[in-house]
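The values are calculated or read from the model by the stated rules, or taken from the named source; none is laboratory data. Keep in mind it's a predicted model, so treat the numbers as computed, not measured. All Cβ positions, even for glycine, are placed from backbone atoms using ideal geometry, and neighbour counts span all protein chains on display. With ligands, DNA and RNA removed, areas are computed over all heavy atoms of the protein, side chains included. Shrake-Rupley method; radii C 1.70, N 1.55, O 1.52, S 1.80 Å.
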Amino acid sequence: MRASSRFPPSLLPPLFLLLCASGPGRGGDVGAVTCGSVLKLLNTRHNVRLHSHEVKYGSGSGQQSVTGVESSDDANSYWRIRGKIDGACQRGAPVKCGQAVRLTHVNTGKNLHTHHFSSPLSNNQEVSAFGDDGEGDDLDVWTVQCSGRYWGRDDAVRFKHIGTDAFLSVTGEQYGHPIRGQREVHGMHSPNQHNYWKAMEGVFIKPSLDSTKHDEL
């Protein structure tokens, strides 16, 4: 099954107007990833972007699969940064190092999720997309691990799962049909070079008292 690359109608205006290529931050809080931003995440070791689509795992949980893709222009690689619970991550506020967040897949409304199922290729911990319209359960929550005060747009960061202590990772295994060439994304319990991620293309909400203002990346 091939997932649609069309954005939900509610996201079309800001994405149509503000979607643009990645670039450097402008210093201070303006250079931080902010709550409510929509972005792509690049695994720096394997050069693939975090991706999901309406293709379910054929084993394990049977939930919607999460993969890594080399393409930089696939609309199924956009994720919205949200708080652990609604209201916990004010729109436009810089995401702090150590903060708990949810990553919601824009095109399907499911949250990045992991649990104690084995991943199909590497036998690490399965990572899936779970929930409906952005609402799932407690296993959708990750902490952002970085070295400064805030998650900077140019920083390589880790995502550690609160419920299982696994790190969001890629080690290079590739799927066959129907998602040939896409990489397995999974959880690993050791911090290493396979679990660094960097913010790439996206729409970044500008830190401002006026939450209606935006900042292009």
Notebook entry, point to check: Hey, among the residues in the range 58-92 that are under 20 Å from residue 206 (Cβ atoms) and crowded, with 20+ Cβ neighbours inside 10 Å, which one's nearest to the chain's Cα centre (by Cα)?
Noted result: 79
Margin query: Pull out all pairs, ordered by first then second residue, where Cβ-Cβ is under 6 Å, the residues are six or more apart or on different chains, the first lies in the range 189-204 and is open to solvent by 60 Å² or more (accessible area, probe 1.4 Å), and the second is in a loop (DSSP other than H, G, I, E, B).
Written below: 189/166; 193/45; 196/44; 198/44
Check: Inside the range 131-147, can you point out the residues that are assigned to a strand (DSSP E or B) and farther than 13 Å from residue 63 by Cα?
Finding: 135, 142, 143, 144, 145
Item checked: Every residue from the range 135-162 that is of a type outside the set (Lys, Arg) and either touching a Ser or Thr at 6+ places or on another chain (Cβ under 6 Å) or open to solvent by 50 Å² or more (accessible area, probe 1.4 Å) (or both) -> 135, 137, 138, 139, 145, 147, 154, 155, 156, 161, 162
Checklist line | Filter result for residue 45 (touching a helix residue (DSSP H, G or I) at 6+ places or on another chain (Cβ under 7 Å) and touching a residue at least 12 places away in the same chain (Cβ under 8 Å)) | finding: yes
Margin query: Any residue that is assigned to a loop (DSSP other than H, G, I, E, B) and among the β-branched types (Val, Ile, Thr) - is there at least one of those in the range 122-130?
Written below: no
Next item on the list: Mind listing just one residue for me: the one in the range 110-130 that is without any contact (Cβ under 8 Å) to a residue 60 or more places away in the chain and open to solvent by 10 Å² or more (accessible area, probe 1.4 Å) and, of those, nearest to residue 61 (Cα to Cα)?
Entry: 117
Notebook entry, point to check: What are the pairs, 6+ residues apart or on separate chains, where a residue within the range 97-109 that is more than 21 Å from residue 149 (Cβ to Cβ) has its Cβ under 6 Å from a residue that is surrounded by fewer than 19 Cβ atoms within 10 Å (Cβ to Cβ)?
Noted result: 104/134; 109/133; 109/134
